[in-house]
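The values are calculated or read from the model by the stated rules, or taken from the named source; none is laboratory data. Nothing here was measured: the structure is a model prediction, and the numbers come from that model. So basically every Cβ, Gly included, is an ideal-geometry build from the backbone, and we count neighbours across all protein chains shown. Surface areas here come from the heavy atoms of the whole protein model, side chains and all, with no ligands, DNA or RNA. Shrake-Rupley method; radii C 1.70, N 1.55, O 1.52, S 1.80 Å.
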Amino acid sequence: MGAKGTVRYSLIVENGMTEGRIFPLEERLTIGRAPDNDIQLKDSSVSRRHALIQFTDGKPVLEDLGSSNRTFVNGEKVNKLSLSNGDKLRLGRISLRLYQGDPFPTHESLVDTQVIEEVNGFTSPYKALPTSTGEIKPASSLYSAHTGPFEFQLRQFREIQSGFFPAQLPKLPDWEIAACLHPASEATGDFYDAFRLPGNYIALVIADVCDKGIGSALFMSLIRTLIRVFSGESRFPGLSVPVGNDLIGHQLEELGFEDIDQLEALKAISLTNDYIAKEHGHTCMFATIFLGVLNPINGSLVYINGGHEPLVIVGPTGIVQDLPPTGPAVGLMPSVQYKIQHIQLYPGDILVGYTDGVTEALGPDGKLFTRKRLWSLLQEPAPSASLMLERVKASLFGYIGDARPTDDITLMVVQRSPVVTF
């Protein structure tokens, strides 16, 4: 029971690696990514010390502890709030549900949790897909125990969603782009993209929508479309998109960068953020997104990293630089000022992007693959982007072994061709 009352409360984790875990509320519960929390949520979107729940006058009270991605209750951002039965909490990508009553709930008694499990129960382990063009295909089979109309609809959804990924990645003189996406289920919230922009620039995108399942996949499709439209890649008669000078122009002097045309596409991050936060804020959905705009002539790359895993630049001697977030995840709150960064990719340099499904992949022993292990693979240069991709995949899937994937796995590798000397 609650420490100061006779009513028992529980927290049920609805997604992520601890999905389905039930935690009874006692005197005080700390929640965060660090292992010494009462509820540890192993997800990079959760702060080490994210939130606290403690009883006040017999009622559980939630308090945000200054987390990076904030805490939401039923879609509203909160600092401190008294909780009620059925409230949905979101900490980063992880959602939890408060349950009041005795006995403690089971999966069968929780409709929302049940739906999440049913959706993911119709999936099959990922089978490796071709990666030379960034191709992605539906899984070839589903568990034989599950058949029927819902299975067919999932297959159909997967077929439609696969059409949102580029059939062919751009082919450029002196550049190679390779990518792969390994879904953990029939619907993925990860995505990557690479496309040409006005001015002969190339947009590079890698992103991860919070949560998983059909809802996450739907938002993936929406956000992918918004990025393309707002960046200027897609133009429609009668559609007016702000020029964006107010979104990026104020940083020109600080950045020391004069090519406004190359920066123009980066307005897509702020515009997408505002649209999601204002139109769909009640859903608590957001995405971590890296958007880079490459000038393939001189190797100049300007970018915004909205809460995504740090990309890595690998040079002839190993990792040269990482590209950490320059702002929060996209869709959390409106009117965010994202900082723009500028780097130079030299001949032979490789840019590696990934989602947290890589670093947080679990081996059969339940231990994480980790960012440290990934970066150790990148210390040795590779002769091409595709070979670097294959090196990481071989190590990662060898580590996972027979364990079932817990999250989508996405990688994007871009290399500027080295100078050939004789």
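Of the set (1) of a type outside the set (Ser, Thr, Tyr); (2) assigned to a loop (DSSP other than H, G, I, E, B); (3) surrounded by fewer than 19 Cβ atoms within 10 Å (Cβ to Cβ), all apply to Gln54 but (2).
Of all residues in segment 57-98 being open to solvent by 30 Å² or more (accessible area, probe 1.4 Å) and either within 18 Å of the chain's Cα centre (by Cα) or of a type in the set (Phe, Trp, Tyr) (or both), which is farthest from Pro328 (Cα to Cα)? Step by step, filter segment 57-98, then rank; the result is Arg70.
Of the residues making up segment 60-71, at least one is of a type in the set (A, V, I, L, M), assigned to a strand (DSSP E or B) and modelled with pLDDT of 90 or more.
Each residue in segment 198-224 was checked for being within 16 Å of Val302 (Cα to Cα), among the hydrophobic types (A, V, I, L, M, F, W, C) and touching a Gly at 6+ places or on another chain (Cβ under 6 Å), and 2 of them qualify. Looking across segment 18-33 at every residue that is open to solvent by 20 Å² or more (accessible area, probe 1.4 Å) and within 27 Å of the chain's Cα centre (by Cα), the one that is modelled with the highest pLDDT is identified as Thr30. Take the conditions in contact with an Asp or Glu (Cβ under 6 Å, 6 or more places away or on another chain), open to solvent by less than 40 Å² (accessible area, probe 1.4 Å) and at pLDDT 95 or above and apply them to Val293. Does it pass? Considered against the rule, which asks whether it is in contact with an Asp or Glu (Cβ under 6 Å, 6 or more places away or on another chain), open to solvent by less than 40 Å² (accessible area, probe 1.4 Å) and at pLDDT 95 or above, Val293 comes out as no.
Pairs linking a residue in segment 367-387 that is in a strand (DSSP E or B) to a residue that is of a type in the set (Lys, Arg) and open to solvent by 50 Å² or more (accessible area, probe 1.4 Å), with Cβ atoms under 8 Å and 6 or more positions apart or on different chains, are Leu368/Lys42. When Gln379, Gln321, Gln341, Gln337 are checked against the criterion of being open to solvent by 60 Å² or more (accessible area, probe 1.4 Å) and either under 21 Å from Ile223 (Cα atoms) or among the small types (Gly, Ala, Ser) (or both), a single residue qualifies: Gln337.
So Gly357 clears everything in (1) farther than 30 Å from Val78 by Cα; (2) touching a strand residue (DSSP E or B) at 6+ places or on another chain (Cβ under 9 Å); (3) at pLDDT 90 or above except one condition, right? Which one? Result: Gly357 fails condition (1) only. Criterion applied to Asn37, Asn15 was being of a type outside the set (A, V, I, L, M), crowded, with 18+ Cβ neighbours inside 10 Å and in contact with a helix residue (DSSP H, G or I) (Cβ under 7 Å, 6 or more places away or on another chain), and the one residue passing it is Asn15. Does Arg416 satisfy the condition of being open to solvent by 10 Å² or more (accessible area, probe 1.4 Å), among the charged types (D, E, K, R) and over 30 Å from Asp259 (Cβ atoms)? Considered against the rule, which asks whether it is open to solvent by 10 Å² or more (accessible area, probe 1.4 Å), among the charged types (D, E, K, R) and over 30 Å from Asp259 (Cβ atoms), Arg416 comes out as no. Summed over segment 160-210, residues that are part of a loop (DSSP other than H, G, I, E, B) and among the acidic types (Asp, Glu) total 2. Against the numbered list (1) touching a Gly at 6+ places or on another chain (Cβ under 8 Å); (2) over 30 Å from Thr71 (Cβ atoms); (3) in a strand (DSSP E or B), Ile319 comes up short only at (1). The residues on offer are Ile350, Ile313, and the sole one that is without any contact (Cβ under 8 Å) to a residue 40 or more places away in the chain and either crowded, with 18+ Cβ neighbours inside 10 Å or in contact with a Phe, Trp or Tyr (Cβ under 6 Å, 6 or more places away or on another chain) (or both) is Ile313.
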